[in-house]
1. Would you mind checking which residues have amide H under 5 Å from Glu84's amide H? H placed 1.01 Å from N; only 5 or more apart, or other chain.
2. Please go through the residue pairs Lys65/Lys109; Lys48/Lys109; Lys109/Lys209; Lys48/Lys110 and name each one whose alpha carbons sit more than 24 Å apart in this structure.
3. Roughly to the nearest percent, how much of the accessible area of the chain is carbon and sulfur, given a 1.4 Å probe?
4. Hey, can you find the accessible area per residue of the stretch 3-256 for me, probe 1.4 Å, expressed in square angstrom?
5. Local charge sum around Leu147 (other residues, Cβ-Cβ under 9 Å, Lys/Arg +1, Asp/Glu -1)?
6. Mind putting a number on the dipole of the chain about its Cα centre? Charges go on the C-beta only, +1 for Lys and Arg and -1 for Asp and Glu, and I need it in Debye to the nearest 20.
7. What does a probe at Met172 reach in the stretch 117-161, counting residues whose amide N is under 18 Å from the point 7 Å along Cα→Cβ?
8. Per the Kirkwood definition applied to all pairs of different Cα atoms, how many angstroms is the hydrodynamic radius of the stretch 3-256?
Amino acid sequence: MDLQAIAEEIYFYQTSAEEMEKITVCQPSLSVVDAYEIQALGAQLAIKRGDRLIGWKMGLTSKVKQVSVGVEEPIYGRLLASMEMADPILNLEGLIHPRVEPEIAFVFKKELGGENVTPRDVWLATECIFPAVEVIDSRYRNFSFTLVDVVADNASSAKFMLGDQAFSPYLMSLDEVGVAMFRNGEVVQTGSGATVLGHPVRSVVELTKMLSRREMSIEPGMVVLTGGITEAVNVFDGDEMEVRFDKLGTMSFSVLG
Ligand code: OOG
Ligand code: MG
């Protein structure tokens, strides 16, 4: 099986705003290991064109999200510099059917790796945390996929934005942080940090273990998105979005295009 050719096909759809057929339709024997290899090859294509790996995202870290997409385990994806929103404006250009979700982000000051990592190791390696928003945009038709498809498609990641204010991770319990997401002034989703594997730090533990199985680690300066705290909501041109995080402030952005 030509994993490089599949990576090139997905990369084309990630950059063309067109939706594609699930890769597992033509390649039913692809494994999850193959899917992570396709994801890595896809990121390399972007990096060859000048992009840069700046962190990782976890996805499907809550039961609600797993049920809503029919995939029963957490997955990870790669965050590239080109995916970070510079301004609080979500430009729909290049996107197919974007959805947004509130997340908590960690930023690291020390390398974090290894199979036996504990929450304590995560805290010792963490520089600060941020409220964050991820924009997911599955390249597959109807946002419908299997585990293998979504992993190969970089865990649906498209864009992300961190809040302007960094916080010490010691001032609050992240599992108790409540979040309310508003679209045009109306509440569309609510949740709390505990929906992320019981506590967002557990998501970083899980990511570190998954990376260490492929001999990778979280490097100093990297960002990690720990996974949606609520279900993701569709957004459309003209929407004004606001996400209120207990103790971590409010993030607002406009959807344009
Ligand atoms: C997969 C990505 C999920 C999250 O935070 O749970 C994700 C998807 O739902 O398309 O980013
Ligand atoms: Mg997410």
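1. Phe160
2. In this structure, Lys65/Lys109; Lys48/Lys109; Lys48/Lys110 lie more than 24 Å apart at Cα.
3. 48
4. On a per-residue basis, the stretch 3-256 sits at 43 Å².
5. Cβ neighbours under 9 Å give a net charge of -3.
6. About 540 debye.
7. 127-134, 161
8. This gives a value of 18.1 Å.
The values are calculated or read from the model by the stated rules, or taken from the named source; none is laboratory data. In this text the structure is predicted, and so the values were computed from the model without any measurement. Positions of Cβ are backbone-derived with ideal geometry, glycine not excepted, and every protein chain shown enters the neighbour counts. Just the protein is used for accessible areas: all its heavy atoms, side chains included, with ligands, DNA and RNA removed. Shrake-Rupley method; radii C 1.70, N 1.55, O 1.52, S 1.80 Å.
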